[in-house]
Every structure is written in structure tokens, then in C-alpha cells.
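Below is one structure, written out as C-alpha cells, with a few remarks after it.
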Amino acid sequence: MEFHKLAPEDVLKHVSSTKEGLDEDEARRRLSRHGPNEIRREHEISPARIFLSQFSSFIVYILIAAIFISFMLHEYIDGAVIIAILIVNAFLGFFQEYRAEKAIESLKKMAALQATVIRSGRKMRIDSNTLVPGDVIVFESGDLIPADARIIEGYLLEVMESSLTGESHSVRKDATPIADTATLGDMKNMVFGGTTVTGGSGKAVVVRTGMDTEMGKIAESIESVEDDETPLQKKLDLLGRRLGILTLVICGIIIAFGIVKGGNFLEMIMVGVSLAVAAVPEGLPIVVTIALALGVKRMVGQNALVKRLPSVETLGCTTVICTDKTGTLTRNEMTVTKLFVNDTVIDVTGTGYGTSGKFLSSGEEIDPSSFELLLRIGALNNDAALSEQGGVIGDPTEACLLVSAAKAGLESSVLKERFPRIHEIPFDSGRKRKSTLHRSNGELVMYTKGAPDVVLKCSSRIDTGGTVSSLTGDAGDMIMEMNRNLASQALRVLAFAYKPLEAGKQVD
């Protein structure tokens with residue numbers, strides 16, 4: 001059903017709900033009919049299956065054959081040693097994979113969310129896995145969307161959908177119906193499970209839950225993909241096959257040579273079989289497993305969870321990663337690394353959302369007070385927030401501007417008290433800039449950030465170190481040349497501007 005084409009009241013009728021939400025009895029009936037709102041796993045954790053999977057390689061098959069042959073030849077010690085090696089090897093792999101599976105299960109339980117819903121006209125908090133189609137959910141900045149839903153109401157609503165679309169910027173949402181067929185990224189009146197509200201607030205009616213959501217479809221497609229062997233597993237299998245064939249050929253030659261020389265046929269067979277057992281590298285699997293286990297230990301020290309031992313080697317074989325989406329394969333963090341202000345390029349040290357860093361000009365540390373206005377605009381024209389745990393709430397682009405201001409000692413909470421926001425014109429694809437109106441010492445000032453070419457066209461003057469002068473064509477050309485230079489370094493470039501306003505003057 002293309003819910004984005006329907007008006008909010010029509011969507012409510014389609015799912016047999018109202019703005020007051022469902023009553024508890026109807027919600028229970030729908031829960032039994034649709035099932036819990038959670039991503040199901042195709043295969044549950046099976047210790048037996050995980051343990052048996054440790055024996056699924058060709059070289060292990062050779063060792064198992066060597067065990068039978070050893071016992072046939074009454075070489076009980078050799079057979080027992082090979083059994084011990086296989087068991088130790090299997091338990092090492094089993095414990096790593098089983099612990100990883102349990103850790104993933106624990107993470108899923110930790111991630112069990114609660115949602116704010118309206119039922120029988122009352123707002124309440126419930127476990128998100130009990131949501132059903134027809135529930136009316138309420139959300140605000142910082143909330144995780146618990147299911148796919150059609151927006152009924154939205155106030156300056158922005159949602160980060162990078163987990164679904166790969167786009168690292170927030171998307172403006174509203175309740176307006178979309179007449180045409182739209183792709184996932186163009187459904188501006190829908191919110192999807194697993195995405196994050198980065199600004200504003202809203203109300204929506206749930207239309208899909210569990211495996212029927214967009215996130216559930218992704219999970220289902222991932223479950224259907226068969227695990228491929230790692231390069232190391234392929235090489236070990238190839239080694240095992242070649243070693244097995246070579247051993248059989250050599251043993252056959254020795255048996256034939258011995259028989260030709262007059263040896264007893266049965267004795268030659270026994271000699272050949274003994275040689276085959278001796279040629280099998282019993283210690284190879286355990287050596288490989290121990291090496292991989294050491295690699296896993298080092299990765300755990302870096303807070304990386306490895307599900308299967310051979311996966312450690314896969315990363316070591318990676319030479320090229322192809323991606324076109326900022327933040328999709330990384331931590332989805334952005335960092336201010338360069339400023340162009342007062343006709344000077346300034347380097348900013350520090351990475352991620354840590355607030356320790358320096359401002360350098362030609363390698364020398366400088367006082368950021370000379371360009372405090374630039375950092376202030378970035379911190380105030382901003383809807384993100386830094387959490388006490390060192391993370392952020394909101395768009396990564398806006399978060400990194402807060403961090404750059406904090407490196408200069410400008411705390412966003414203090415700035416917002418000194419320069420309270422009284423109005424906002426949100427960013428949109430047509431305007432290509434965002435403006436906020438603030439009160440400063442009893443006067444009004446508008447702060448703007450956006451695409452450099454757009455901001456430049458709207459500007460008539462330039463502030464250089466506190467000196468305001470006319471923005472000439474040469475100065476504009478220099479700014480655009482710097483924009484091209486920074487963009488060529490794979491940097492996202494933003495321009496900042498400000499404008500003192502008279503009371504009652506219209507803002508555009």
C-alpha cells in the first residue's frame with residue numbers, strides 16, 4: 001500500500017484507527033494477529049550447530065580419516081593426539097562464535113526500545129515490540145522511530161535516514177501527501193523504523209511493523225545471503241585438497257615400487273598408509289586457530305566484536321574499500337578540519353566529537369578570539385546537542401560545528417542563553433541555507449549557514465577581523481576559489497553570514 005499518497009485522515013481510515021489511537025483490547029487483538037514488532041532471526045543460536053560447523057573444512061576431513069587409519073594400524077597414541085587437536089581446535093572456534101552470538105543477543109536486548117503512543121486518547125510509554133499497525137506514536141528530537149509510520153503532524157521535523165538511504169544529512173519531514181510514486185528517500189511524509197529524529201517533533205500512525213518494515217526487509221535479504229568462505233578458508237581447503245592428492249600419489253608410487261621390488265603386498269599397503277598418516281599436518285588447524293584467536297583478542301581490545309575467527313583474516317586481505325556515502329562505512333561522525341576566515345586558512349586539530357583541539361595558522365597555535373563570531377554562528381545556527389557521554393544528538397554536520405566552538409571555549413548552552421533564538425527558517429533544497437534569528441544585547445541578528453555560492457549571492461559586505469567592507473567581485477572570486485580548493489580535498493564546505501535586523505523587519 002502506498003501510504004505516502006494518502007491524506008493523513010485516509011491513512012487512519014485504512015488502518016482502522018483515529019488520532020486518539022487504539023484501545024488496549026484492539027491493540028492486543030492486533031498484536032496476536034500481526035506478531036511482535038521486532039526483527040526475527042531465521043536461525044536461532046544452536047550450540048550443537050556452531051560446534052559441528054567447526055569440523056567443516058577439507059583439512060579436518062583428512063585428519064578425521066587419519067584418525068580411523070591410525071586406529072586400524074593400532075597407532076592409538078597418534079590417533080588420540082589427532083583427536084585431542086581436533087577437539088581443542090573445535091572448542092576454540094566454538095567458544096568465540098558462541099560468545100559473539102550471545103553478545104549480539106545481549107545487544108538486541110539492550111536495544112529494546114520504548115515508544116510513546118496514544119491509546120484511548122491517553123499518552124503512554126510501551127515496549128516498542130508491542131506496537132501494532134494503527135497505533136499513533138509521538139516522537140521528538142533524539143527519539144528512535146520504532147516502526148514504519150505515516151506522519152499525521154510534524155513541527156520542524158527532521159529525521160536521519162542514513163541507515164536506510166546512506167545519506168548523511170537529515171531529511172525534512174511533513175504530513176503533505178505525495179501524489180506521485182516516490183522512492184524511499186523521497187517519501188517526506190513517512191518515517192521508518194530504525195531511523196532517528198534529529199529535530200522538531202511529530203505524530204504518526206504506524207502502518208507496518210516487524211519484518212514488514214523497510215528495516216525488516218533488509219534483515220530478511222541479509223538472512224537469505226549464504227556465508228562465503230574467507231580467503232584463508234579457501235586457501236586452507238585448497239591446501240588440504242592438494243596435500244591429500246599429493247599424499248595419495250606418493251603413497252601409491254611407494255606401494256607400487258615396493259611391490260615391484262618384491263615386497264609383500266599387505267606390508268607395502270601398511271607402509272603406504274603409515275606414510276599417509278605421517279604426512280598429514282595435524283598441528284596446522286590448531287596453529288591457525290591460535291593465530292586467529294590472538295587477532296580476535298587484539299580486536300576486542302579495540303571494542304570490535306568478531307563473530308567468527310576466520311573473519312579476522314578477511315580484514316587483513318582487504319586492499320580496497322569502494323563506497324560513495326560519507327559515514328555509511330565509518331562512524332557517521334564529521335569533524336571541522338579547516339576554517340577560512342580573515343583571509344587566512346586555519347587548521348583545526350582533533351577528530352570525532354572530542355572537544356580537545358587547537359587552531360593552527362602556518363603550524364603555529366593561534367588565539368580563536370579573532371574569529372569567535374564565525375564559531376558562534378556555527379554553534380547557534382544549530383539544532384544538534386552534545387551529550388554528557390561524549391556522543392551527539394542530531395545531524396553530524398551540525399554536531400561538528402558545536403565541537404569546533406567548544407574547542408575555542410564556546411559552550412553551546414551558554415551561547416544559547418546569551419543569544420536566545422526567537423525564530424528559524426529551516427534549510428530546504430530550494431533555499432539551500434538555514435537562518436536563525438537571535439536576540440543580542442537587546443537587538444536582533446540573523447545567523448545564516450548554507451552552500452557557499454548561495455550565501456555569497458545573498459551577501460553585500462564582508463567582515464574581516466571585525467572590519468566590515470563591501471564585498472567586491474575580487475573578494476567573491478577569492479571565496480569561490482577557496483571553496484573549490486577545499487571541495488577538491490573531499491571536504492564538505494559551508495559558508496556563514498550574519499545580518500543585524502530592525503524590529504519588525506521581515507526575514508528571508
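The values are calculated or read from the model by the stated rules, or taken from the named source; none is laboratory data. Note that the coordinates shown come from a computational prediction; the quantities given were computed from them, not determined experimentally. A quick note on method: Cβ atoms are made from the backbone with ideal geometry, for glycine too, and the neighbour counts reach across all protein chains shown. In case anyone asks, the SASA skips ligands and DNA or RNA and just uses the protein heavy atoms, side chains included. Shrake-Rupley method; radii C 1.70, N 1.55, O 1.52, S 1.80 Å.
Would segment 201-222 turn up any residue that is open to solvent by 80 Å² or more (accessible area, probe 1.4 Å) and at pLDDT below 80? Walk me through it before giving the result.
The first filter runs over segment 201-222 and keeps only residues open to solvent by 80 Å² or more (accessible area, probe 1.4 Å), leaving 212, 217, 220, 222.
So of that shortlist, the ones also at pLDDT below 80 come out as 220, 222.
Looking through segment 201-222, at least one residue is open to solvent by 80 Å² or more (accessible area, probe 1.4 Å) and at pLDDT below 80.
Which condition does Asp180 not pass, out of (1) among the charged types (D, E, K, R); (2) modelled with pLDDT under 90; (3) under 22 Å from the mean Cα position of the chain (by Cα), if it passes all the others?
Only one criterion is unmet by Asp180, namely (3).
Could you tell me which residue of segment 152-171 is farthest from Phe427 (Cα to Cα), considering only residues that are hydroxyl-bearing (Ser, Thr, Tyr) and buried (at least 16 other Cβ atoms within 10 Å of the Cβ)? Talk me through it step by step, then tell me what you get.
Kept after step one, since they are hydroxyl-bearing (Ser, Thr, Tyr), are these residues of segment 152-171: 155, 162-163, 165, 168, 170.
Next, only the ones that are buried (at least 16 other Cβ atoms within 10 Å of the Cβ) stay: 162-163, 165, 168, 170.
Details: Ser162: 18, Ser163: 21, Thr165: 19, Ser168: 15, Ser170: 10 Å.
Within segment 152-171, the match that is farthest from Phe427 (Cα to Cα) is Ser163.
What tally of residues in segment 114-142 results from selecting those that are surrounded by 17 or more Cβ atoms within 10 Å (Cβ to Cβ) and part of a loop (DSSP other than H, G, I, E, B)?
Selection size over segment 114-142: 6.
Name the single residue, out of those in segment 18-32 being in a helix (DSSP H, G or I), in contact (Cβ under 8 Å) with a residue 60 or more places away in the chain and among the charged types (D, E, K, R), that is surrounded by the most Cβ atoms within 10 Å (Cβ to Cβ). Full working, then the answer.
We begin by selecting, within segment 18-32, every residue in a helix (DSSP H, G or I); these are 24-32.
If we keep only those that are in contact (Cβ under 8 Å) with a residue 60 or more places away in the chain too, we end up with 24, 26-27, 30-31.
Subsequent filtering for residues that are among the charged types (D, E, K, R) retains 24, 26, 30.
Working: Glu24: 11, Glu26: 17, Arg30: 22.
Top of the filtered list is Arg30.
I'm trying to understand the selection: among the residues of segment 390-441, which are among the hydrophobic types (A, V, I, L, M, F, W, C), within 18 Å of Arg492 (Cβ to Cβ) and open to solvent by less than 70 Å² (accessible area, probe 1.4 Å)? Give the steps one after another, and end with the answer.
First, pick out the residues of segment 390-441 that are among the hydrophobic types (A, V, I, L, M, F, W, C): 392-393, 399-403, 405-406, 408, 410, 414-415, 419, 422, 425, 427, 437.
Next cut, within 18 Å of Arg492 (Cβ to Cβ) only: 392, 399-403, 405, 427.
Matches in segment 390-441: Val392, Ala399, Cys400, Leu401, Leu402, Val403, Ala405.
Filter segment 442-480 down to residues that are within 35 Å of the chain's Cα centre (by Cα) and exposed (fewer than 10 other Cβ atoms within 10 Å of the Cβ), then give me how many there are.
Of the residues in that region, 0 qualify.
Cβ-Cβ distance below 6 Å, separation of 6 or more or different chains: which pairs start in segment 437-456 with a residue that is farther than 18 Å from Glu398 by Cβ and end on one that is open to solvent by less than 30 Å² (accessible area, probe 1.4 Å) and of a type in the set (Asp, Glu)?
Once the first residue is farther than 18 Å from Glu398 by Cβ and sits in segment 437-456, no partner that is open to solvent by less than 30 Å² (accessible area, probe 1.4 Å) and of a type in the set (Asp, Glu) comes close enough.
Can you spot a residue in segment 250-270 that is open to solvent by less than 60 Å² (accessible area, probe 1.4 Å), hydrophobic (A, V, I, L, M, F, W, C) and either touching a strand residue (DSSP E or B) at 6+ places or on another chain (Cβ under 7 Å) or at pLDDT below 70 (or both)? Reasoning before the result, please.
Restricting attention to segment 250-270, the residues satisfying the condition of being open to solvent by less than 60 Å² (accessible area, probe 1.4 Å) are 251-252, 255-256, 258, 263, 268-269.
This time we only want the ones that are hydrophobic (A, V, I, L, M, F, W, C), so: 251, 255-256, 268-269.
Restricting the remaining residues to those that are either touching a strand residue (DSSP E or B) at 6+ places or on another chain (Cβ under 7 Å) or at pLDDT below 70 (or both) gives none.
For segment 250-270, residues open to solvent by less than 60 Å² (accessible area, probe 1.4 Å), hydrophobic (A, V, I, L, M, F, W, C) and either touching a strand residue (DSSP E or B) at 6+ places or on another chain (Cβ under 7 Å) or at pLDDT below 70 (or both): absent.
Within the set of pairs 6 or more residues apart or between chains, which connect a residue that is in contact (Cβ under 8 Å) with a residue 24 or more places away in the chain inside segment 246-263 to a residue that is surrounded by 11 or more Cβ atoms within 10 Å (Cβ to Cβ) with Cβ atoms less than 6 Å apart?
Filtered contacts from segment 246-263: Thr247/Ala276; Thr247/Ala279; Cys251/Gly272; Cys251/Leu275; Cys251/Ala276.
For segment 3-17, indicate whether the set of residues that are modelled with pLDDT under 90, basic (Lys, Arg) and not in a helix (DSSP H, G or I) is non-empty.
No, because not a single residue in segment 3-17 is modelled with pLDDT under 90, basic (Lys, Arg) and not in a helix (DSSP H, G or I).
With the requirement that a residue be open to solvent by less than 40 Å² (accessible area, probe 1.4 Å), at pLDDT below 90 and closer than 16 Å to Thr397 by Cβ, what does segment 338-356 give you?
Going residue by residue through segment 338-356, those that are open to solvent by less than 40 Å² (accessible area, probe 1.4 Å) are 339, 341, 346, 348, 350, 352-354.
Subsequent filtering for residues that are at pLDDT below 90 retains 352-354.
Answer for segment 338-356, where residues must be open to solvent by less than 40 Å² (accessible area, probe 1.4 Å), at pLDDT below 90 and closer than 16 Å to Thr397 by Cβ: Gly352, Tyr353.
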